[in-house]
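In what follows, a single structure is set out as structure tokens and then discussed.
The values are calculated or read from the model by the stated rules, or taken from the named source; none is laboratory data. Model, not experiment: these values are computed from the prediction. Methodologically, a virtual Cβ is constructed for each residue, glycine included, from the backbone with ideal geometry; neighbour enumeration extends over all protein chains shown. Each accessible area value is taken on the protein alone, full model and side chains, heavy atoms only, with ligands, DNA and RNA left out. Shrake-Rupley method; radii C 1.70, N 1.55, O 1.52, S 1.80 Å.
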Amino acid sequence: MEETEKRGTHQKTECIDWGGHVCGQTPITANNETWKDILVKNAHDGLPQPSPDCVRCSVISGECLYYHYGCDGNDDRGWGCGYRTIQTMSSWLCLNQPPSVSRRPPPSLSEIQQTLVEIGDKPDSFLGSREWIGTFEASLVLDQLYDVPCRIVHVRYGKELDQAVEDLHNHFLTRGSPVMMGGDRDNSSKGILGVCTGKHGSYLLVMDPHYFGCPLDKSSLQRHGWVSWKPVASMDQCSFYNLCLPLSAKK
């Protein structure tokens, strides 16, 4: 959620159990897999284009993982969507950056908070809290942990989002990394994995981190709309939006 919204309360993150799926590295399957082993990779693969009239379609290059509420056994419903989107972006950097660049694993919720405190963006009281974070904090975390600066694109109103479509096409064509999107009225953080433009408008390929439940496979995520194409015109027309574009190594 974006940083301009009301802050959450300071409460300890709760652990949840998905039939053996608990915090940390606890095995969760008969094959002794951990929660990290079953995160869905490239959850958008196989989705058809959103419209038959699409003339230009640009999507991420390489691979990323789908992070969502509770995927690591920590119940972060209502406050953790920005953290989960950062984790998805970090997974792309880990899997696709050249060897000369930091390829550390995606940070945990607590590591994201610790990073923001260490660089002086947040006070010590932020540690262990349920405070929301947005695109600005995402840019700080990626820069600090991966040495990847970010570009923030601000759109005053949802009805002007079409103005950012060309920025997104260029980003996916030249950088290939996932983008984070958030706003004020529409304060739900979301990952953007692509953009498609046709004669009747443009569409965003949205990875929604708000799913909470037992692990789903790729087809189920797509069928239930957790990864889907959404018309730009369907976004909140009165909300401002910020887009965080990681300036990853050029393709």
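Taking a probe of 1.4 angstrom, what is the accessible area of Arg156 in Å², to the nearest 10? Counting only protein heavy atoms, the figure is 140 Å². Ligands, DNA and RNA are left out, and with a 1.4 angstrom probe the accessible area of the stretch 46-246 is 39 Å² per residue. Label zone (Leu95, point 7 Å along Cα-to-C-beta; backbone nitrogen cut-off 14 Å) within the stretch 49-88: 60-68, 87-88. Heavy-atom accessible area, probed at 1.4 angstrom with all protein chains present, ranks Glu111, Glu118, Glu160, Glu137 as Glu118, Glu111, Glu160, Glu137, highest first. Surface composition of the chain: carbon and sulfur atoms hold 50% of the protein heavy-atom accessible area at a 1.4 Å probe. Between Ala233 and Lys36, the contour length at 0.36 nm per residue exceeds the Cα-Cα span by 67.4 nm. Largest GNM mean-square fluctuation among Cys57, Cys214, Cys71, using the chain with Cα springs under 10 Å: Cys214. Computed 3J(HN,Hα) for the stretch 53-67, one whole-Hz value per residue from the Karplus formula 6.51 cos²θ - 1.76 cosθ + 1.60 where θ = phi - 60°, is 9, 5, 10, 8, 9, 10, 10, 4, 9, x, 10, 9, 10, 8, 9, glycine and proline marked x. Note on Phe240: accessible area approximately 40 square angstrom, rounded to 10, probe 1.4 Å, nucleic acids and ligands left out.
For Asp143 and Asp75, what does the FRET efficiency come to when R0 = 25 Å and r is the distance between their Cβ atoms, rounded to the nearest 0.05? Provide the component values of the computation, followed by the final result.
Numbers: r = 29 Å, r/R0 = 1.15.
Once rounded, the FRET efficiency stands at 0.30.
Top to bottom by accessible area (1.4 Å), largest first, where do Ser108, Ser139 land?
Working: Ser108 40, Ser139 15 Å².
These residues rank, largest area first, as Ser108, Ser139.
Treat each spin label as a single point 7 Å out from the Cα along the C-beta direction, and report the Thr174 to His210 distance in nm. According to this spin-label approximation, the distance is 3.3 nm. Across Lys122, Lys190, Lys41, mean-square fluctuation computed from a Gaussian network of the chain (C-alpha pairs under 10 Å connected) peaks at Lys122. Residue-wise HN-Hα couplings along the stretch 39-52, as the Karplus relation 6.51 cos²θ - 1.76 cosθ + 1.60 with θ = phi - 60° gives them from phi, are 4, 6, 9, 6, 4, 8, 4, x, 5, x, 4, x, 8, x Hz; Gly and Pro carry x. Each helix, a run of at least 4 DSSP H residues, gives -39500 (n - 2.57); summed and divided by the residues of the chain, these come to -7000 deg cm²/dmol at 222 nm.
Between Val179, Val55, Val153, the GNM of the chain built on Cα springs shorter than 10 angstrom shows Val55 fluctuating the most. Restricting attention to the stretch 46-246, lysine pairs at least eight places apart or on different chains and with alpha-carbon atoms under 25 angstrom apart total 8. Rounded to the nearest 10 square angstrom, Trp132 shows an accessible area of 40 square angstrom against a 1.4 Å probe. Summarising the amide proton neighbourhood of Gly134: residues at separation of 5 or more, or on other chains, whose placed amide H is nearer than 5 Å comprise Glu3.
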